[in-house]
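**Student:** Below are the structure tokens for one structure; questions will follow.
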Amino acid sequence: MDTRRGALAVPKVRRVGFFTTIEPSPQDLTRPNRTQSDTIPSSPLSNSPSSNLISPILIPPSRHHSDNLTTTSRAAAPVPVPGLRRYLAHNDRSLHVGSYNPVDDSLLGTSPPSSNGEVSEDSNSLFGFQRSDSAKLSSSFPNGGFDLTMSVKAPQELTNSKKIAQVSGKSESVTTKSQKEKESKSLKEKTTKAERRAMQEAQRAAKAAAKGEGSRRADDSGRAKPGKATKQPQPKKEGLPATSSVSEKTAVTVEKERRMDVPQTQMQYDDKSRVEKAKKRAVVEQTESKNKVELFLHLPQYERGNQLPKLSSDIFTLDTIHHAVYKVGLQHLAGDISGDNARCIAMLQAFQEAINDYSTPPMKDLARDLTAKIKGYVSFLIECRPLSMSMGNAIRFLKNQISKLPQNLSESEAKDLLCSDIGRFIDEKILLADKVIVQHAVTKIRDGEVILTYGSSCVVEMILLYAHEIGKQFRVVIVDSRPNLEGQKLLRRLVTSGLDCTYTHINAISYIMRDATRVFLGASSIFSNGTLYSRVGTSCIAMVANAFSVPVIVCCEAYKFHERVLLDSICSNELGDPDAIANVPLRANAKHSKTDNNNNNKNLQYLNLMYDSTPSEYISMIVTDYGMIPPTSIPVIVREYRRENLLL
Amino acid sequence: MWRRSASFILDKHDNNKPISITQSIDSPPPPESSSMAEETNQNPNPNPISAYYQTRAAHHGIVTSDWLEQAQAAVRRYPDHDLMVSERPFSVIEEFDSWRQQPDLAEAVAAIRALAAVIRSSEAKTMMELEIELKKASDTLKAWDTTSISLTAGCDLFMRYVTRTSALEFEDFNSAKSRVLGRAEKFGEISCKARKIIAMLSQDFIFDGCTILVHGFSRVVFEILKTAAQNKKLFRVLCTEGRPDKTGVLLANELAKLDVPVKLLIDSAVAYSMDEVDMVFVGADGVVESGGVINMMGTYQIALVAHSMNKPVYVAAESYKFARLYPLDQKDLEPALRPIDFGVPVPPKVEVERSARDYTPPQYLTLLFTDLGVLTPSVVSDELIQLYL
């Protein structure tokens, strides 16, 4: 009970990290001396009280934290600071930040954002005027997190109040060290690129200011946007010289930064600048389709079928992408592999092969270089076809495994370890999970039942075949839909195995639902509000089943659970080939008329959605590898097992 | 539904001899249909009638003393069973039976006590041996009555609670054993106190001048009402009759002794009197993973009526009744049958629904009062996941 409440309180803390418009809390106001002593009066940023309060906002979400932890423990030898002291430095920071924070006291004292190495980077930008050399020193290290904490510690000791806080903090925070590590992992993935870049730039600005060269520029930008002082706006990486148009440009960048403050999990394809950038990196050349669907501009809408020949001819000249990954990408593009599990397994096996063939370039770290490589592969795969949620989870698992590799392993050992980890993921989280699901679900099939299923889900197929094998007497209704007609393949396999089947299209659902006593559905993903994300049409089936009070059973492996919340089918979806719904394959003349007339019609847009979301109230039960659970328990599984999942 | 009825009845008619229901409780159980007999094959208790409900009947008999006769009859009904028990030096069932005789002790608690006794009298030399012995005992208990959800759930929870300790890492077997025993006793104690805790928790929900509808005789609900009466709360209780064993009448009887104003309804008058009801209190045979409850026949109906009239439905259940079951509909349960006396002879061709309990889905329940706290139905699954996985 208590732990649950504790977990609930965390988002509050996170809120402090993300939101720039924070109200000064009473606690802050009651400690004027502290806030003043913390901020440097000479800084141009500390004109208003609100800019004082901004410093806690700089708490960066803890993406790097665990990285930092691991690297600090690994790089213990070259750094001349004993590990314990480094820890204390971290803890000092945590207390320092904690004192600002209204929600902080016991909870944040052990929470990761405050103990993050990056905090020090940020505060460095505030203290930058005094400590230029420490900043220089830190920037000379590849990741200077801990060094900065050291340097930050020095000015802290100036104030008495802080000293007391340190003393009391040390004993407490040392004991909670392991706890911290644990929590930080759970929060790890939440930082965005934008925030990291913002920090980097803020740091750079401070450095420049300290050198006395760019102080004017910093002032300008500081004045231009006093409210936005958190993110020291700066011209981009190209290093544009400070001209008269600087303030204009900074305003634009600030605008952009603010937009990117919102943590993004997916690229929004209506964001022109980002799409341009992505295109430069792209391996697959996509031409955007002419008649785009308005509502779904944020999703990639490309012309179909013209990339494949070029890509397949490129296969002999590729250098950046491993051939196995390339093959899988092409298969995804061509639609040769469908089904989430199959796609995920194919991807993981390709990664396995790629890792096997990988050798670390000289002067590079295996973990870092390999992560970058994998990132490249993943973006290639995304270009071929957007990733499913489950693939995203699998990739996250792999990246986590790479980052957790022990430092003392040799290259071949590390590679073997990773390959066996991937193999285990496939075995345990996918194949074995399916077996467990079959065992559970088959108990819900009784003699004389009529089971309705939609499309083709491999788990549901396994369940039906197994139930038939153990001699249950039941009938199957397969509901299918255009354009993919996946149900036909399922129908063929079931009929050859001797099951009694009925095949119909989704148009007849309200008629055929009368016969059904159970609805079994597969899933692409299940979100933590219990929303089912599955093949388009599933939602319709579930709603009709609910109206006929037929129980809807969703079969889904736990690795497909996602901690996000989905409310509609618009935000996150995938668009299929629009021609597929325009063409009716059996009628040649229909095809003819389409190509003639409709393609050029500006007022006609074909929308071929791939997925839809089913609200949790239409789902009676979710069968997963942890047993049969109600949809309300998805967050419990995600909470309890995500950690373990990562540790696997 | 229309489509199932025709063939369904015909099929049933073919392989099912019509059962005469006019017999009294004391008479031997009717010859059962073939499917039922197969199911209970390995069951040491050859009686197709749910033992759980027999125990309940026996307890009520002792509580009110005019049922004593029937209770004794119920016990007398297993002469062969007693014989089998006496052959062995120590038997869980025997121990369980002796605990079960106490009217205030729930079946699951009796099972927990019996399992604790197994540990105490065990002659195992290693932890593994002890664990296996315990597992065997709990399996025997579960097999003794497969229809009792709380018995199964209680045994499972006990096994979880007791064997999930660091005791197994102890070097000395005796200290480890005493540790396990300590945990077992503690678990038994927690289970015993559960009812009191629930009664305490629920007091905030009973306000002066409220009208409470109760169904059947649940010992937890009775405890709640008793505590409320002792706290000088002013409330009125509507008791359903609770056919066929008239448990509602018993509850009305007991409440009247406490000077609580009681009104007795027939089961079919629930909807009629729902508008004057402020809240519904029911007990539970078992709380399932979806957060729904399995309880005496009629609970579902009452919950539906209360839901449609926007009255809160509160379920009082001890946490040892949390079971890892997930029924999808009413028929998706192990059937618990019991004889029903209709008062008039039932024609031989008429089929009789003899199921003793139904399943109430979670969307019709408002809150669950358990010894873990006052929970919403969805939390049950959370607790179960944390307990079992």
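All of the numbers you see were taken from the coordinates with simple rules; none came from a lab. Computed from a prediction, not measured in an experiment: that's the story for all the values here. Every residue, glycine among them, receives a Cβ derived from its backbone with ideal geometry; neighbour counts consider all protein chains shown.
**Student:** How big is the dipole moment of region A:307-432 about its Cα centre under a simple scheme where the beta carbon of each Lys and Arg is +1, that of each Asp and Glu is -1, and everything else is neutral? Debye, nearest 20, please. Don't jump to the answer; show the numbers that get you there.
**Tutor:** Numbers: 14 positive and 15 negative charges, 76 e Å.
Charge dipole of region A:307-432: 360 debye, to the nearest 20.
**Student:** Follow-up question, since we're still on this one. Please report B:K232, B:K136, A:K404 as a ranked list, fewest other C-beta atoms within 10 angstrom at the top and most at the bottom.
**Tutor:** On the way: B:K232 7, B:K136 12, A:K404 15.
Ascending Cβ contact count within 10 Å gives the list B:K232, B:K136, A:K404.
**Student:** Give me the distance between the Cα centres of region B:261-280 and region B:99-162, rounded to whole Å.
**Tutor:** 39
**Student:** Another question about this same structure. If I model a spin label as a point 7 Å beyond the Cα along the Cα-Cβ vector, how far apart are those points for A:D427 and A:V584 in nm?
**Tutor:** Computed distance between label sites A:D427 and A:V584 equals 5.1 nm.
**Student:** Shifting gears a bit: In whole Å, how far is the Cα centre of region A:451-497 from that of region A:320-384?
**Tutor:** Each part reduced to its Cα centre gives a spacing of 32 Å.
**Student:** Work out the FRET efficiency for B:R120 and B:A143 from their Cβ-Cβ distance, taking R0 = 25 Å, and round it to the nearest 0.05.
**Tutor:** Numbers: r = 22 Å, r/R0 = 0.88.
Rounded to the nearest 0.05, the efficiency is 0.70.
**Student:** Using a simple spin-label model with points 7 Å from Cα along the Cα→Cβ vector, what separation in nm is obtained for B:Y272 and A:S379?
**Tutor:** The answer from the label model is 7.6 nm.
**Student:** Give A:K364/A:K415; B:K196/B:K263; A:K373/A:K429; A:K364/A:K404; A:K444/B:K331 a once-over and call out the pairs whose C-alpha atoms are over 20 Å from each other.
**Tutor:** Beyond 20 Å: B:K196/B:K263; A:K373/A:K429.
**Student:** Here's something else I'd like to know. Name the shape class, rounded, prolate or oblate, that the alpha-carbon gyration tensor gives for region A:307-432, where a ≥ b ≥ c are the square roots of its eigenvalues, rounded holds for a/c under 1.5, and otherwise prolate holds if a/b is larger than b/c and oblate otherwise.
**Tutor:** On the way: a/c = 2.17, a/b = 1.28, b/c = 1.69.
Since a/c reaches 1.5 but b/c is at least a/b, the shape of region A:307-432 is classed as oblate.
**Student:** Any idea how far apart B:M309 and A:I570 come out in nm if each label point goes 7 Å out from Cα toward Cβ?
**Tutor:** 4.3
**Student:** Checking the a/c ratio against 1.5 first, then a/b against b/c, what shape does the Cα gyration tensor give for region B:197-388? Can you show the working numbers first?
**Tutor:** Details: a/c = 1.76, a/b = 1.07, b/c = 1.65.
In terms of gyration-tensor shape, oblate.
**Student:** Could you give the length gained on full extension between A:L297 and A:Y511, defined as 0.36 nm per residue of separation minus the Cα-Cα distance, in nm? Kindly include the intermediate steps, with their values, before the conclusion.
**Tutor:** On the way: separation 214, 0.36 × 214 = 77.04 nm, distance 3.57 nm.
Roughly 73.5 nm would be gained on extension.
**Student:** Between rounded, prolate and oblate, where does region B:271-379 land on the alpha carbon gyration tensor, with a ≥ b ≥ c its root eigenvalues, rounded for a/c under 1.5, else prolate if a/b exceeds b/c? The partial results should precede the final answer.
**Tutor:** Values: a/c = 2.34, a/b = 1.42, b/c = 1.65.
Cα axes put region B:271-379 in the oblate bin.
**Student:** Amide H to amide H, which residues 5 or more places from A:D500 or on other chains are under 5 Å from it, using H placed in the peptide plane?
**Tutor:** A:V476
**Student:** Return A:D416, A:D579, B:D245, A:D357 ranked ascending by Cβ neighbour count within 10 Å, so the fewest neighbours appear first. Walk me through the numbers before you get to the answer.
**Tutor:** Numbers: A:D416 14, A:D579 18, B:D245 24, A:D357 11.
Fewest-to-most ranking of A:D416, A:D579, B:D245, A:D357: A:D357, A:D416, A:D579, B:D245.
**Student:** Among A:S412, A:I321, A:G392, pick out the residue whose Cα is farthest towards the positive end of the charge dipole of region A:307-432, where Lys and Arg carry +1 and Asp and Glu carry -1 on C-beta, about the Cα centre.
**Tutor:** Farthest towards the positive pole: A:G392.
**Student:** Among B:F281, A:F380, which comes first, second and so on when ranked by fewest other beta-carbon atoms within 10 Å? Provide the component values of the computation, followed by the final result.
**Tutor:** Details: B:F281 24, A:F380 21.
Sorted ascending by nearby Cβ count, the order is A:F380, B:F281.
**Student:** Looking only at other chains, what is the average number of their beta-carbon atoms within 10 angstrom of each beta-carbon in A:621-634?
**Tutor:** Mean partner-chain Cβ count within 10 Å for A:621-634: 5.
**Student:** Peptide B:322-328: average number of partner chain Cβ atoms within 10 Å per residue?
**Tutor:** On the way: counts 0, 0, 2, 1, 12, 3, 11.
Rounded to a whole number, the mean comes out at 4.
**Student:** Hey, another quick one. Shielding of B:371-379 by partners, i.e. mean partner chain Cβ atoms within 10 Å per residue? Show your work: numbers first, answer last.
**Tutor:** Numbers: counts 0, 1, 1, 0, 1, 1, 2, 7, 5.
Mean shielding by partner chains, rounded to a whole number: 2.
**Student:** Separate question: Once you charge only the Cβ atoms, +1 for Lys and Arg and -1 for Asp and Glu, what is the size of the charge dipole of region B:197-388 about its Cα centre, to the nearest 20 debye? Write down the numbers at each step before the final one.
**Tutor:** Details: 17 positive and 24 negative charges, 85 e Å.
Charge dipole, region B:197-388, about its Cα centre: 400 debye, nearest 20.
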